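> Let me begin by handing over the structure; questions about it come next.
The values are calculated or read from the model by the stated rules, or taken from the named source; none is laboratory data. On a predicted model such as this, the values are computed, not experimentally measured, just so you know. Note that each Cβ is placed from the backbone with ideal geometry, even for glycine, and that neighbours are counted across all protein chains shown.
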Amino acid sequence: MSSNRFNAFSNHGIGIGLRIPHYEHIFSRKPVVDWFEIISENFMTDGGRPLHTLDRILEQYRVVQHGVSMYFGSVTEPDPEHLKRLKTLVRRTNTPWLSDHLCWGSVDGTYTHDLLPLPYTWEAVERTAERVRKVQDYLEIPVAVENVSSYAAFTASEMTEWEFLNEVVERADCGILLDVNNIYVSSVNHEFEPMEYVNAVLAERVAQIHIAGHSKYEKYILDTHDHPVIDPVWNLYARAIELCGPTPTLLEWDDHIPSFDEVHAEAKKAERYLNRTAPEMAQAAQ
Amino acid sequence: MSTISLEQIQREMAAAVMTPLTPDDNMRKEAPDGRSMERVAASFIAPNSRLTSFERLEIYNRQYWYRVLGALAEDFPALRTVIGSRAFDAMSVGYLKAHPSRSFTLRNLGGQLASWLTTNQHFAARRADLAVDVARIEWAFVEAFDGAEHEPLTLEQIATLDGGSYLALQPHLQLVELTYPVDDLVLNLHKQEKRQATEAGVKHDEDDHAPAKLPPIRRKPTYLAAHRVDYSVYYLRLNRGEFHTLRAIRAGRPLGEAIEAGVTTARVPAARRPQLVRQWFTAWAELGWICAPDLDRLVRST
């Protein structure tokens with residue numbers, strides 16, 4: 001059962017990412033949505049419309065924060081200003097847990113603004129886990145790390161990605177945001193069996209699951225979040241739910257964003273799998 | 001144990017990823033330090049059955065540049081139109097080489113573009129000064145859009161102050177000094193941009209990478225405030241005296257000195273000063289621009 005200490009024992013069902021093209025629909029129609037995931041960085045401002053919009057959302061909906069720039073795997077220390085702003089936002093949203101990516105993206109204070117993959121080495125395990133632990137201690141809420149989709153593998157790697165993920169979360173004592181689309185994308189790009197990954201993940205630490213679509217190119221797959229979820233990804237999701245139990249699930253759709261109803265309907269397809277394991281959670285999501 | 005450290009991998013990869021692309025959007029064959037990029041990639045990235053180490057690194061190289069160029073284009077749409085998209089992209093690459101992102105958020109990426117452009121005018125050719133002005137206005141929009149808002153002082157509260165008092169300005173208020181009166185031009189270009197964005201599939205001119213045709217604009221010192229009302233950003237022209245008074249307040253000068261800076265610069269006759277200053281502060285109080293100073297900051301600066 002994935003109502004656990006890594007998601008503050010929440011009963012969150014199926015959520016969708018809060019995106020600007022949907023604001024008008026949300027405020028005028030007030031659709032029933034179990035929760036919204038926000039990109040933390042979009043609201044770490046001093047004032048103005050972003051925070052005003054967020055406050056209006058918070059009046060009616062549950063919000064969970066998801067970050068894109070904590071870079072747990074970067075060797076240089078995080079920016080204190082970043083952490084301070086993030087904590088201020090955590091207090092504003094009351095997010096029950098917070099997630100960011102198991103990746104790196106900055107060196108010596110210079111940012112690439114990308115989710116760059118880590119080499120799966122013991123050195124990276126230790127450094128990354130230490131940073132996750134520090135951030136979790138500072139924020140005083142559970143932190144979940146998300147597996148990223150990747151296009152490059154490192155000659156230095158000493159273990160598989162799933163072994164690396166498990167080692168980091170055990171040492172950091174944190175949760176996992178399991179992105180089954182990212183597992184699928186990486187499995188094609190790195191030629192491994194995606195179900196082996198899902199089966200190996202420490203199910204008791206999974207705080208949340210991401211589902212999404214992607215784009216196929218001739219020689220690789222790119223994680224673009226601009227398509228519906230494909231069947232092989234649903235299969236991975238079904239297996240993850242079997243292993244983890246009903247888990248807060250979120251559909252990401254970030255580019256070529258269709259109508260709110262279309263995105264919401266795509267997300268709610270997850271109910272098929274949640275229903276099999278926990279009808280009460282599927283019901284909460286309706 | 002691996003032989004290459006995490007730190008070495010991250011430095012090598014960041015340097016490669018942030019190396020500008022070729023004109024065809026491919027990764028360069030040569031790294032900035034002269035090494036073969038193929039060898040650099042192979043030193044830490046493993047190939048697979050479909051992609052070489054170079055090709056795998058190239059995916060990240062492209063993603064980096066598409067992302068940062070896209071972010072600048074989003075924040076400076078009028079500048080892009082004024083100098084043309086081709087020149088804008090070249091300018092952006094030059095700017096980002098000099099000022100790569102030092103912030104966790106892309107929101108701050110263009111913070112130094114206007115000042116950098118003043119010393120790198122060749123990117124904007126004959127429209128260099130105009131381009132700097134447009135960049136200043138567009139960056140003022142970004143700052144005004146999500147800047148903090150403090151409780152403003154009322155006119156009655158301001159009236160109790162004397163020349164030695166200190167004030168502060170609303171943080172979202174941006175003061176912009178321009179060489180050209182380009183605020184209306186920027187507003188029109190933003191409207192056009194918005195219209196194009198909502199007309200999906202609209203066919204643009206074949207040569208829309210070229211600078212746009214603009215109405216003739218003559219140089220004229222122009223003073224502008226970008227500020228926020230009800231979560232929307234507006235531009236307001238200021239006269240020279242107002243601008244210099246507000247700028248002195250923002251610089252932390254005492255009220256008397258700030259007013260003196262404004263009326264002297266604007267050469268306001270002594271007899272007109274009391275009435276004019278009253279008019280200024282009445283308008284600013286109504287707009288909510290005047291705030292109490294941050295005491296900690298005041299103590300540090302005095």
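> Just the residues that are facing chain B (nearest Cβ under 9 Å) and either within 22 Å of residue A:271 (Cα to Cα) or not hydroxyl-bearing (Ser, Thr, Tyr) (or both), please, taken from segment A:14-55.
Pass one, segment A:14-55, residues facing chain B (nearest Cβ under 9 Å): A:41-42, A:44-53.
Answer for segment A:14-55, where residues must be facing chain B (nearest Cβ under 9 Å) and either within 22 Å of residue A:271 (Cα to Cα) or not hydroxyl-bearing (Ser, Thr, Tyr) (or both): A:41, A:42, A:44, A:46, A:47, A:48, A:49, A:50, A:51, A:52.
> Can you name the condition, by its number, that residue A:112 falls short on among (1) closer than 30 Å to residue A:47 by Cβ; (2) among the hydroxyl-bearing types (Ser, Thr, Tyr); (3) more than 8 Å from chain B (Cβ to nearest Cβ)?
Unmet for residue A:112, out of (1) closer than 30 Å to residue A:47 by Cβ; (2) among the hydroxyl-bearing types (Ser, Thr, Tyr); (3) more than 8 Å from chain B (Cβ to nearest Cβ): (3).
> Right, here's the next one. Do you know which residues across segment A:115-134 are surrounded by fewer than 23 Cβ atoms within 10 Å (Cβ to Cβ), more than 9 Å from chain B (Cβ to nearest Cβ) and farther than 20 Å from residue B:17 by Cβ?
A:126, A:129, A:130, A:131, A:133, A:134, listed by residue number.
> Please find, within segment B:83-108, the residue that is farthest from the other protein chains (Cβ to nearest Cβ) out of those that are crowded, with 23+ Cβ neighbours inside 10 Å and in a helix (DSSP H, G or I).
B:83
> If you don't mind, another one. Could you identify the single residue in A:243, A:236, A:177, A:202 that is in contact with a strand residue (DSSP E or B) (Cβ under 6 Å, 6 or more places away or on another chain) and not aromatic (Phe, Trp, Tyr)? Show your work before the answer.
Values: A:243 fails: in contact with a strand residue (DSSP E or B) (Cβ under 6 Å, 6 or more places away or on another chain); A:236 fails: in contact with a strand residue (DSSP E or B) (Cβ under 6 Å, 6 or more places away or on another chain); A:202 fails: in contact with a strand residue (DSSP E or B) (Cβ under 6 Å, 6 or more places away or on another chain).
Going through A:243, A:236, A:177, A:202 in turn, the sole match is A:177.
> When the residues of segment B:156-200 are narrowed to those that are under 16 Å from the mean Cα position of the chain (by Cα), over 18 Å from residue B:294 (Cα atoms) and not in a loop (DSSP other than H, G, I, E, B), which ends up modelled with the lowest pLDDT?
Of all residues in segment B:156-200, those under 16 Å from the mean Cα position of the chain (by Cα) come to B:171-178, B:182-183, B:186-187, B:190.
Now narrow it down to the ones that are over 18 Å from residue B:294 (Cα atoms): B:175-178, B:182-183, B:186-187, B:190.
Then keep just the ones that are not in a loop (DSSP other than H, G, I, E, B); that gives B:175-178, B:183, B:186-187, B:190.
Working: B:175: 98, B:176: 98, B:177: 97, B:178: 97, B:183: 95, B:186: 95, B:187: 94, B:190: 91.
It comes out as B:190.
> Would you kindly identify the helices (runs of 4 or more DSSP H) lying entirely within segment A:136-242 that contain at least 3 residues that are touching a residue at least 12 places away in the same chain (Cβ under 8 Å), within 27 Å of residue B:54 (Cβ to Cβ) and more than 14 Å from chain B (Cβ to nearest Cβ)? Explain how you work it out, then say what you get.
Details: elements: A:161-172, A:180-190, A:194-200.
Per the criteria, A:180-190.
> State the number of residues belonging to segment A:56-71 that are more than 11 Å from chain B (Cβ to nearest Cβ) and assigned to a loop (DSSP other than H, G, I, E, B).
The qualifying residues number 2.
> Still on this structure, I have one more. Are any residues in segment A:57-84 charged (D, E, K, R) and either closer than 28 Å to residue A:247 by Cβ or within 20 Å of the chain's Cα centre (by Cα) (or both), and if so, which ones?
Across segment A:57-84, the qualifying residues are A:59, A:62.
> Wholly within segment A:72-128, which strands (runs of 3 or more DSSP E) include no fewer than the required count, namely at least 2 residues that are modelled with pLDDT of 95 or more and more than 16 Å from residue B:6 (Cα to Cα)? First the steps, then the outcome.
Values: elements: A:98-101, A:104-107, A:110-116.
Strands (runs of 3 or more DSSP E) meeting the threshold: A:98-101, A:110-116.
> Pull up segment B:121-149, narrow it to residues that are touching a strand residue (DSSP E or B) at 6+ places or on another chain (Cβ under 9 Å) and outside any helix (DSSP H, G or I), then point me to the one that is surrounded by the fewest Cβ atoms within 10 Å (Cβ to Cβ).
Within segment B:121-149, the match that is surrounded by the fewest Cβ atoms within 10 Å (Cβ to Cβ) is B:149.
> Limited to segment A:1-29, what total is found for residues that are assigned to a helix (DSSP H, G or I) and within 14 Å of residue A:262 (Cα to Cα)?
First, the residues of segment A:1-29 that are assigned to a helix (DSSP H, G or I): A:5-7, A:20-29.
Narrowing further to those that are within 14 Å of residue A:262 (Cα to Cα): A:21-22, A:25-26.
Residues in segment A:1-29 being assigned to a helix (DSSP H, G or I) and within 14 Å of residue A:262 (Cα to Cα): 4 in total.
> Read through the list (1) over 15 Å from the mean Cα position of the chain (by Cα); (2) in contact (Cβ under 8 Å) with a residue 12 or more places away in the chain, then give the number of the only condition that residue A:123 fails.
Of everything listed in (1) over 15 Å from the mean Cα position of the chain (by Cα); (2) in contact (Cβ under 8 Å) with a residue 12 or more places away in the chain, residue A:123 misses just condition (2).
> Might you let me know whether segment A:233-244 holds any residue that is aliphatic (A, V, I, L, M), within 26 Å of residue B:48 (Cα to Cα), surrounded by 17 or more Cβ atoms within 10 Å (Cβ to Cβ) and modelled with pLDDT of 95 or more?
The first filter runs over segment A:233-244 and keeps only residues aliphatic (A, V, I, L, M), leaving A:233, A:236, A:238, A:240-241, A:243.
Checking which are within 26 Å of residue B:48 (Cα to Cα) leaves us with A:233, A:236.
When the remaining residues are screened for being surrounded by 17 or more Cβ atoms within 10 Å (Cβ to Cβ), the result is A:233, A:236.
Next, only the ones that are modelled with pLDDT of 95 or more stay: A:233, A:236.
The answer is yes; a qualifying residue exists.
> Moving on. Give the residue that is farthest from residue A:187 (Cα to Cα), with candidates limited to residues of segment B:9-34 that are within 12 Å of chain A (Cβ to nearest Cβ) and without any contact (Cβ under 8 Å) to a residue 12 or more places away in the chain. Write out each step before concluding.
Taking segment B:9-34 as the starting set, the residues that turn out to be within 12 Å of chain A (Cβ to nearest Cβ) are B:9-19.
Okay, now just the ones that are also without any contact (Cβ under 8 Å) to a residue 12 or more places away in the chain, so B:10-11, B:14.
Details: B:10: 23, B:11: 26, B:14: 24 Å.
Among residues in segment B:9-34 that are within 12 Å of chain A (Cβ to nearest Cβ) and without any contact (Cβ under 8 Å) to a residue 12 or more places away in the chain, the one farthest from residue A:187 (Cα to Cα) is B:11.
> Is there a residue being modelled with pLDDT of 95 or more, out of contact with any Pro (no Cβ under 8 Å at 6 or more places or on another chain) and surrounded by fewer than 14 Cβ atoms within 10 Å (Cβ to Cβ) anywhere in segment B:222-232?
yes
> Filter segment B:35-82 down to residues that are part of a loop (DSSP other than H, G, I, E, B) and at the interface with chain A (Cβ under 7 Å from one of its Cβ atoms), then give me how many there are. Reasoning before the result, please.
As a first pass, look at segment B:35-82 and keep what is part of a loop (DSSP other than H, G, I, E, B): B:35, B:43-44, B:47-52, B:76.
Imposing the further condition that a residue be at the interface with chain A (Cβ under 7 Å from one of its Cβ atoms) reduces the set to B:44, B:48-51.
The qualifying residues number 5.
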